[in-house]
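Below is one structure, written out as structure tokens, with a few remarks after it.
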Amino acid sequence: MQGANQGAADKPLDGNSGKGLRIGIVQARFNADITDALASACLDEFAALGVASNDIHHVRVPGALEVPVALQALAERGGYHALVALGCIIRGETYHFELVANESGASVSRVALDYKLPIANAILTTENLEQAVARQTDKGRDAARVAVEMARLLADLS
């Protein structure tokens with residue numbers, strides 16, 4: 001929900017929070033204008049948090065349903081502290097929206113749990129293009145912040 005009170009992190013993030021983290025990003029190409037904007041905002045925020053560009057592995061897949069298998073391949077490969085899922089599913093006139101939204105979301109969560117690896121899920125699910133455009137920058141930034149915060153938290157817990 002836009003404008004929601006997201007609360008404050010126990011350990012606020014700064015320009016050093018992401019130093020030393022290796023991040024994997026999987027971006028769906030479908031609705032490319034939106035997913036490119038998500039990726040740009042995400043990458044800018046990673047830079048602001050101190051994640052080195054050479055510590056980010058960014059891959060693209062056809063659509064949201066392909067994102068989880070690429071996340072799984074990155075998790076299998078190992079060496080990542082967190083992953084990010086980027087995509088955009090806009091409701092159409094058929095049941096396909098629900099199928100893609102539900103299956104991609106559940107599969108992203110399953111990969112995270114199976115590999116005990118934080119995945120920031122920024123696969124937008126919107127009613128229309130205008131809603132997607134309104135969210136693309138904030139959700140891209142949020143994904144980077146979530147990935148760094150959760151990577152740090154899991155490191156502290158292990």
Estimated distance in nm for a label pair at Ser53 and Lys11, the labels positioned 7 Å out from Cα along Cα-to-Cβ: 2.7 nm
³J(HN,Hα) computed for each position of the range 26-39 - Karplus, 6.51 cos²θ - 1.76 cosθ + 1.60, integer Hz, glycine/proline x: 10, 10, 6, 7, 4, 6, 4, 4, 6, 5, 5, 5, 4, 5
Pairs of alpha carbons in the range 27-158 whose separation is greater than 22 Å (percent): 32 percent
Separation of the Ala134 and Lys19 label points, Cα + 7 Å toward Cβ, nm: 4.0 nm
For the range 53-110, the Rg and Dmax computed from alpha carbons only, in angstrom: 12.9, 41
Residues Glu76 and Glu127, FRET efficiency given R0 of 30 Å [Cβ-Cβ distance, rounded to 0.05]: 0.30
For the chain: accessible area per residue (Å², 1.4 Å): 54 Å²
With every protein chain in place, the range 96-158: carbon and sulfur % of accessible area (1.4 Å): 53 percent
Dipole moment magnitude, nearest 20 debye, the chain about Cα centre, only Lys, Arg, Asp, Glu C-beta charged: 400 debye
For the chain, built as a Gaussian network whose Cα springs stay under 10 Å, the top-fluctuating residue of Pro12, Pro68, Pro118: Pro12
The range 103-158: proportion of alpha-carbon pairs further apart than 17 angstrom, %: 48 percent
Packing-based ranking, highest mean first, of 144-157, 125-138 given that Cβ atoms within 10 Å are counted: 144-157, 125-138
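The values are calculated or read from the model by the stated rules, or taken from the named source; none is laboratory data. Owing to the predicted nature of the structure, the values given are computational and were not obtained by experimental measurement. Counting neighbours? That spans all protein chains shown, and the Cβs are built from the backbone with ideal geometry, glycine included. For the accessible areas, the whole protein counts, side chains as well, though only heavy atoms, and no ligand, DNA or RNA atoms are used. Shrake-Rupley method; radii C 1.70, N 1.55, O 1.52, S 1.80 Å.
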